[in-house]
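*Asks:* Supplied in structure tokens, the structure appears directly below.
The values are calculated or read from the model by the stated rules, or taken from the named source; none is laboratory data. Model, not experiment: these values are computed from the prediction. Glycine also receives a Cβ, built like all others from the backbone with ideal geometry; neighbour counts cover every protein chain displayed. Only protein heavy atoms, including side chains, enter the accessible area calculation; ligands, DNA and RNA are left aside. Shrake-Rupley method; radii C 1.70, N 1.55, O 1.52, S 1.80 Å.
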Amino acid sequence: VQGTGGSSAVSKCSAAARGYIQDRFLQLLVGRRRRRAPLIHRGYYIRARAVDHCVQDFLLKTQSHPRTQIVSLGAGFDSLYFRLKDIGLLHHTVVYEVDFPNVACQKAALIKRMKELSALVGHTEGEGLGVITFSGEDYKLLGVDLSELSDLERALAEAGLDNEIPTLFMAEVVLTYMENSRSDALIQWAAEHFSQACFLLYEQMHPEDPFGRVMQQHFSQLNSALNSLAQYPDCEAQQRRFFEKGWTECSVMDMNDFFTCCTPEDEQQRVQALEPFDEYEEWHLKCSHYFVLTASKGMEPSWTPLLSNMTVPCHDGPVRISGSITAAVCATHSEISGLRRYGHRSVLIKPNVILTTGGFGEEDGHHCRMRNFHVLIKHAGYWKAGYVKKENPHKRWDERLYHTVSCLSNSLALVVGGRTSPSSAGLGMLWMKFPETCNASEPDDITVELVSLQPAAEPAALRWRHSTTEVIFKGEKYLFLYGGRSATEPVLGDWYFLHAQELCCTVIPVEGPVPESRHSHSACSWKGGVLIAGGLGAAEQPLGSIFFLRELEHGFQWQTIETHPSLIPRYSHTAHVHDGKLLLVGGVWFRSSSVPSVTVIDLITGVCLDYTINVEHLEWPLMLHNHSSVFLPNEKELLLIGGGGNCFSFGTHLNPEPVSLSLSNILASR
């Protein structure tokens, strides 16, 4: 448990060094400096932002009181006191920090050694006496095990804590490491023994979905299990907990809602522009698995920092489920790990032959951008897996992610865009050629020749997380290139019509309401046009709109497709059209109570039905974002390939095997 505190302090320090948070004291307290990834920086930024927002609101609301106090439970090497003192917010507030005796002793020694820290505390008194390892006029550092409530109560009383003045208790990922009976007792004790009390809690939630399972496993492996999750798995359970323990007001929200609703728009934009970033799925999943809670009793005026001057988005309750689809591991006769990847593309290049290219994943036992092409061939009722032979391996594939692959004939496909690093320019176009006649029954039967291209339309391709979809105009075949993002533009809303044979951009008139810019959306050919669904918009917010680009005599027209009920906004999903129905598979949304599975939209009536995926036959978490899917219409079978990603600081999860979904029941004819 103490190790998790040290690791968090190093991550906060790295976030401060990159400008996410303003904190010149962390480096003095932590000492170690280690550069963390942008995803980690964002995660610790939102944690620091939430805590500071609530603490400063408490100090503001109580500034008319002659004396107030803050009790930081499990404070570790946090710099809160020094930051508040430095900006002049502790005129009449005493800060009490509590942690294990050895942690408190280490921190006390650090403060004494660092002149900049000890000068802020000022005159010290009686330090090193019993549990009080450091004592200034407005700062007390106590070495006590929080799970021993009588010891904690005695130590705080000895340090001068006053039960009758406004008191803020705060616990950042602390109580969850205690047995529930002990953390419950502490929450109840704070409510019963203090006449004007507030509580600030920041912790994990949602242990049972795929990301939650990876998160739980990570902490269990560190021998610091998250004990509160079984009994208090979500925001509603935590809120009930505080009401039952004697608190009269309680507000709680997940960190997606906090970032959207409690962080000013200009601050959101500042943070989003600090570093090249392309891990939106993992950022939003991390935020949906942490909450901030504030509770109070006896406070006048009432303390509601999560509700002041803002409205939390209404998510309209739980998702209405119309049925369940059973997932089965797709038995492949192969031991190769080439399908453990994300950000790749899978396409049906011939009947029963699926080609998978690109992405980031596992190759030769280590994680890297994928060089090898992978093929699945269905033969005699089961799938065979293998690597594809490249006819000209010297031609650079560029190991790209988030590209598109469009089959233009049974021997030719066009690769458009993609990226290596999110700070690099997008990649251009490539032809992929395969033998025209092929009765392939073995992966070795498939060969791919790569041909570099530099057509006039090349600049249009320098993007990723876009879509490339076949459309027909006046009998001619075009590829409709839409949306995505680039190294300079975080979201694009433009489009191009690429003539399928000449690969030149053709100007075709388009009328109607223009969809807002987006990336990580889905796009499907339908009736000679394109269906665009969902995506991530300009403010990194999921979109719930569906547009149909319909062919007219003189051009195309954007039309909005209305659904009943409204489609829940999502992105990073895949999509297919079958018999007048649009299927959306997986993705990421802000409904933290569940994860997207399969949504079926009737394109004639607009009726929108959600189905869960029954994963009881899978021995591992099925992460349905950054995956690919291939629909086999004859069998009404959906093959899910790859998917997953970097689960914040909890490790990388890659779905280990393809998964088959039988959709015959939900696609029964009307």
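*Asks:* Of (1) open to solvent by 20 Å² or more (accessible area, probe 1.4 Å); (2) more than 29 Å from ASP278 (Cα to Cα); (3) among the aromatic types (Phe, Trp, Tyr), PHE434 satisfies all except one. Which?
*Replies:* The single condition PHE434 does not satisfy is (1).
*Asks:* Residues of region 286-299 being closer than 18 Å to PHE169 by Cβ and charged (D, E, K, R), which ones?
*Replies:* If the condition is that a residue be closer than 18 Å to PHE169 by Cβ and charged (D, E, K, R), then LYS297 is the only one that fits.
*Asks:* Do we find a residue being under 18 Å from LEU638 (Cα atoms) and either outside the structural domain of TYR280 (by the TED database) or in a strand (DSSP E or B) (or both) anywhere in region 554-573? Step through it out loud before you land on a result.
*Replies:* Our first condition is that a residue be under 18 Å from LEU638 (Cα atoms); within region 554-573, this holds for 572-573.
Filter once more, so that each one left must be either outside the structural domain of TYR280 (by the TED database) or in a strand (DSSP E or B) (or both): 572-573.
Yes.
*Asks:* Could you run through region 208-217 and say how many residues are in a helix (DSSP H, G or I), open to solvent by less than 50 Å² (accessible area, probe 1.4 Å) and not hydrophobic (A, V, I, L, M, F, W, C)?
*Replies:* Residues in region 208-217 being in a helix (DSSP H, G or I), open to solvent by less than 50 Å² (accessible area, probe 1.4 Å) and not hydrophobic (A, V, I, L, M, F, W, C): 2 in total.
*Asks:* Determine, yes or no, whether HIS123 is modelled with pLDDT of 95 or more, out of contact with any Leu (no Cβ under 8 Å at 6 or more places or on another chain) and either open to solvent by 40 Å² or more (accessible area, probe 1.4 Å) or closer than 14 Å to ALA159 by Cβ (or both). Reasoning before the result, please.
*Replies:* Details: modelled with pLDDT of 95 or more: no; out of contact with any Leu (no Cβ under 8 Å at 6 or more places or on another chain): yes; either open to solvent by 40 Å² or more (accessible area, probe 1.4 Å) or closer than 14 Å to ALA159 by Cβ (or both): yes.
Here the answer is no, as HIS123 does not meet what is asked.
*Asks:* Could you list all residues from region 388-423 that are closer than 28 Å to VAL329 by Cβ and open to solvent by 70 Å² or more (accessible area, probe 1.4 Å)?
*Replies:* Matches in region 388-423: LYS389 only.
*Asks:* Separate question: Examine region 524-538 for a residue that is open to solvent by 10 Å² or more (accessible area, probe 1.4 Å) and in contact with a Gly (Cβ under 8 Å, 6 or more places away or on another chain), and state whether such a residue exists.
*Replies:* Among the residues of region 524-538, not one is open to solvent by 10 Å² or more (accessible area, probe 1.4 Å) and in contact with a Gly (Cβ under 8 Å, 6 or more places away or on another chain), which makes the answer no.
*Asks:* Then there's this: Could you list, in sequence order, all residues of region 240-268 that are over 26 Å from ARG42 (Cβ atoms) and open to solvent by 30 Å² or more (accessible area, probe 1.4 Å)?
*Replies:* Correct list: ARG240, PHE243, GLU244, LYS245, GLY246, THR248, GLU249.
*Asks:* Using beta carbons and a limit of 6 Å, which pairs, at least six apart or on different chains, have the first residue in region 203-226 and in contact (Cβ under 8 Å) with a residue 24 or more places away in the chain and among the hydroxyl-bearing types (Ser, Thr, Tyr) and the second one part of a helix (DSSP H, G or I) and open to solvent by less than 70 Å² (accessible area, probe 1.4 Å)?
*Replies:* Once the first residue is in contact (Cβ under 8 Å) with a residue 24 or more places away in the chain and among the hydroxyl-bearing types (Ser, Thr, Tyr) and sits in region 203-226, its partners that are part of a helix (DSSP H, G or I) and open to solvent by less than 70 Å² (accessible area, probe 1.4 Å) give SER224/THR4; SER224/TYR177.
*Asks:* Scan region 398-420 and report the pairs whose first residue is without any contact (Cβ under 8 Å) to a residue 40 or more places away in the chain and whose second residue is assigned to a strand (DSSP E or B), with Cβ atoms within less than 7 Å and a gap of 6+ or a chain change.
*Replies:* Short answer, once both residue conditions are applied: SER411/LYS433; LEU412/TRP431; LEU412/LYS433.
*Asks:* Let me ask another. Restricting region 132-163 to residues that are open to solvent by 50 Å² or more (accessible area, probe 1.4 Å) and touching an Asp or Glu at 6+ places or on another chain (Cβ under 8 Å), which is nearest to SER183 (Cα to Cα)?
*Replies:* Once the filter is applied, the top-ranked residue is ASP145.
*Asks:* Next up: Tally up the residues in region 574-607 that are open to solvent by 30 Å² or more (accessible area, probe 1.4 Å) and part of a strand (DSSP E or B), please.
*Replies:* Count: 3.
*Asks:* Out of everything in region 502-518 that is surrounded by 14 or more Cβ atoms within 10 Å (Cβ to Cβ) and in contact (Cβ under 8 Å) with a residue 40 or more places away in the chain, what residue ends up being nearest to the chain's Cα centre (by Cα)?
*Replies:* Selected residue: ARG518.
*Asks:* How about region 75-111: which of its residues are part of a loop (DSSP other than H, G, I, E, B) and either closer than 18 Å to VAL10 by Cα or open to solvent by less than 40 Å² (accessible area, probe 1.4 Å) (or both)? Can you show your working first?
*Replies:* Residues of region 75-111 part of a loop (DSSP other than H, G, I, E, B): 75-79, 87-92, 100.
Matches in region 75-111: ALA75, GLY76, PHE77, ASP78, SER79, GLY88, LEU90.
*Asks:* May I pose another question? Inside region 112-140, can you point out the residues that are free of Cβ contacts under 8 Å to residues at least 60 places away in the same chain, of a type in the set (A, V, I, L, M, F, W, C) and not in a loop (DSSP other than H, G, I, E, B)?
*Replies:* ALA119, LEU120, VAL121, LEU129, ILE132, PHE134
*Asks:* Hey, any hits in region 42-56 for a residue that's open to solvent by less than 50 Å² (accessible area, probe 1.4 Å), in contact (Cβ under 8 Å) with a residue 12 or more places away in the chain, among the basic types (Lys, Arg) and closer than 26 Å to SER224 by Cβ?
*Replies:* So far as region 42-56 goes, yes, one or more of its residues are open to solvent by less than 50 Å² (accessible area, probe 1.4 Å), in contact (Cβ under 8 Å) with a residue 12 or more places away in the chain, among the basic types (Lys, Arg) and closer than 26 Å to SER224 by Cβ.
*Asks:* While we're here: Quick check on my filter: what residues within region 269-288 are open to solvent by 20 Å² or more (accessible area, probe 1.4 Å) and charged (D, E, K, R)?
*Replies:* ARG270, GLU279, listed by residue number.
*Asks:* Can you go through HIS499, HIS521 and tell me which one is over 23 Å from ALA575 (Cα atoms), in the same structural domain as THR599 (by the TED database) and either in contact with an Asp or Glu (Cβ under 7 Å, 6 or more places away or on another chain) or free of Cβ contacts under 8 Å to residues at least 60 places away in the same chain (or both)?
*Replies:* Sole residue among the options that is over 23 Å from ALA575 (Cα atoms), in the same structural domain as THR599 (by the TED database) and either in contact with an Asp or Glu (Cβ under 7 Å, 6 or more places away or on another chain) or free of Cβ contacts under 8 Å to residues at least 60 places away in the same chain (or both): HIS499.
*Asks:* So SER525 fits all but one of (1) assigned to a strand (DSSP E or B); (2) modelled with pLDDT under 95; what number is the exception?
*Replies:* Condition not satisfied by SER525: (2).
Yes or no, residue by residue, for (1) more than 20 Å from GLY359 (Cα to Cα); (2) in contact with a Ser or Thr (Cβ under 8 Å, 6 or more places away or on another chain); (3) part of a helix (DSSP H, G or I):
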| residue | (1), (2), (3) |
| --- | --- |
| LEU450 | no, no, no |
| PRO455 | yes, no, no |
| PRO459 | yes, no, yes |
| THR468 | no, yes, no |
| ILE472 | yes, no, no |
| LEU479 | yes, yes, no |
| THR488 | yes, no, no |
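*Asks:* A further question follows. Pull out all pairs, ordered by first then second residue, where Cβ-Cβ is under 7 Å, the residues are six or more apart or on different chains, the first lies in region 613-635 and is outside the structural domain of VAL405 (by the TED database) and more than 25 Å from LEU355 (Cβ to Cβ), and the second is open to solvent by 30 Å² or more (accessible area, probe 1.4 Å) and outside any strand (DSSP E or B).
*Replies:* none
*Asks:* Now, a different point. Of the residues SER228, SER220, which is buried (at least 19 other Cβ atoms within 10 Å of the Cβ) and of a type in the set (Ser, Thr, Tyr)? Working first, answer last.
*Replies:* Numbers: SER220 fails: buried (at least 19 other Cβ atoms within 10 Å of the Cβ).
The unique qualifying residue is SER228.
*Asks:* Determine which member of the set LEU638, LEU624, LEU654 is touching a Leu at 6+ places or on another chain (Cβ under 8 Å), hydrophobic (A, V, I, L, M, F, W, C), open to solvent by less than 20 Å² (accessible area, probe 1.4 Å) and closer than 20 Å to LEU285 by Cα.
*Replies:* LEU624
*Asks:* Quick one: what pairs do we get from region 81-106, first residue more than 17 Å from CYS54 (Cα to Cα), second assigned to a strand (DSSP E or B) and modelled with pLDDT under 95, C-beta under 7 Å, 6+ apart or different chains?
*Replies:* What qualifies is ALA104/THR133; CYS105/THR133.
*Asks:* Let me ask you something else. Among the listed residues THR574, THR560, identify the single one that is touching a Ser or Thr at 6+ places or on another chain (Cβ under 9 Å) and under 20 Å from PRO210 (Cβ atoms). Don't jump to the end; show me each part of the working.
*Replies:* On the way: THR560 fails: under 20 Å from PRO210 (Cβ atoms).
Selected residue: THR574, the only one of THR574, THR560 that is touching a Ser or Thr at 6+ places or on another chain (Cβ under 9 Å) and under 20 Å from PRO210 (Cβ atoms).
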